[in-house]
Amino acid sequence: MKYIEENFLLAKKQDRRGQKALYEMFSPKMLAIANSYVNNLHDAEDILLNGFMKCFTKLDECRDWKSFPFWLRKIIVNDSISFIRKNKNILYADVEIADEYSETDDGYPEEINIEEIFSQMPVGYRLIFNLYVFEEKKHSEIAEILNISEGTSKSQLSKAKKWLAEFLKAKENETRTPETIKI
């Protein structure tokens, strides 16, 4: 913890070593967060770099080193949502579940591959699922962030859960061979 505090204070003084240390400490997790929203590593890297640039130019707005990880995460999440708004057509509508994922085998059928799930989950579902589950936002907050109704947020979360259940069920069925199925 002292390491974070020292580098936070250095970065606040525009010290490049402190900034580099914070970047190295937090970039892997922030990249994963950005990628969970945009589902494209190159776009997530752009969001990460822009987020850190914003972070270091506005670091005086962060109260103290203890809140830094949460403050940085908020920047990355907000930038990811802004990116999606600008660059993707998000459809909050009924999507045919069976057609939304390919029947590929990643070679690890027993493991849950979050990246694979998010890469195949429809964008509208993924966005609301991330905000609700990982960012712990309420439907009223999601509605305000995305400029949609609370009902749409609730509906999309319900559809995302259904999609996820169907996806996992299909994956489970892929792993079963005729010998393992008992009648």
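The values are calculated or read from the model by the stated rules, or taken from the named source; none is laboratory data. Here the structure is a predicted model, which is why all the values come from computation and not from measurement. Cβ sites come from the backbone with ideal geometry, for glycine too, and all protein chains shown count toward neighbours. These accessible areas exclude ligands, DNA and RNA; they are computed on the full protein's heavy atoms, side chains included. Shrake-Rupley method; radii C 1.70, N 1.55, O 1.52, S 1.80 Å.
Only Cα sites of the stretch 1-41 enter the Debye sum here, all with the same form factor; the resulting log10 I(q)/I(0) across q = 0.24, 0.32, 0.34 1/Å is -0.72, -0.95, -1.02, listed in q order. Between Asp60 and Ser119, the simple spin-label model (points 7 angstrom out along Cα→Cβ) gives 4.4 nm. Residues in the stretch 64-77 carry Karplus couplings, in order, of 8, 5, 5, 8, 3, x, 6, 5, 5, 4, 4, 4, 5, 5 Hz; the curve used is 6.51 cos²θ - 1.76 cosθ + 1.60 with θ = phi - 60°, and Gly or Pro positions show x. For the stretch 27-70, the list of trypsin sites (Lys or Arg not before Pro) that fall in a loop by DSSP and count at most 15 other C-beta atoms within 10 angstrom reads Lys58, Arg63. Taking each residue as 0.36 nm, the span from Asn50 to Glu144 lengthens on full extension beyond its C-alpha to C-alpha distance by 31.5 nm.
Solvent exposure of Val133, expressed as accessible area, is near 60 Å², computed with a probe of 1.4 Å over the protein chains only. Spacing of the modelled spin labels on Asn87 and His42, each 7 Å from Cα toward Cβ, amounts to 0.9 nm. Based on protein heavy atoms only, the stretch 6-58 ends up with 55 Å² per residue of surface accessible to a 1.4 Å probe.
Counting only protein heavy atoms and a probe of 1.4 Å, the accessible surface of the stretch 114-165 is 49% carbon and sulfur.
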